[in-house]
Amino acid sequence: MPKLKTRKSAAKRFRVSGTGKIMRRNTHRAHLLEHKSPARRRRLAGMSVVDERDAGNVRAMLPYL
């Protein structure tokens, strides 16, 4: 049986939490931060859980998670 290939672009973007949920970075944190409030910047700095409707696609891209 051949090995499954991991989508390397997805592997750099997603992590698995200790409970098995797929985590992602928040959007709107890359640039144009000057006008965003400090509280908003702190909130965006954390990780978010991938929606369950998208989790299946992410797991297909990362077969060995």
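Data table
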| item | result |
| --- | --- |
| Long-range neighbours under 7 Å by Cβ, at least six apart or interchain, first residue farther than 30 Å from ARG59 by Cα within segment 12-38, second among the charged types (D, E, K, R) | LEU33/ARG41 |
| Odd one out for ILE22, checked against (1) at pLDDT 95 or above; (2) more than 12 Å from the chain's Cα centre (by Cα) | (2) |
| Scan of segment 26-65 for residues that are of a type in the set (A, V, I, L, M, F, W, C) and more than 20 Å from PHE14 (Cα to Cα), ordered by number | LEU32, LEU33, ALA39 |
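The values are calculated or read from the model by the stated rules, or taken from the named source; none is laboratory data. It should be emphasised that the depicted structure is a prediction, and the values quoted were computed from it without experimental measurement. Please note: Cβ atoms are built from the backbone with ideal geometry, for glycine as well, and neighbour counts cover all protein chains shown.
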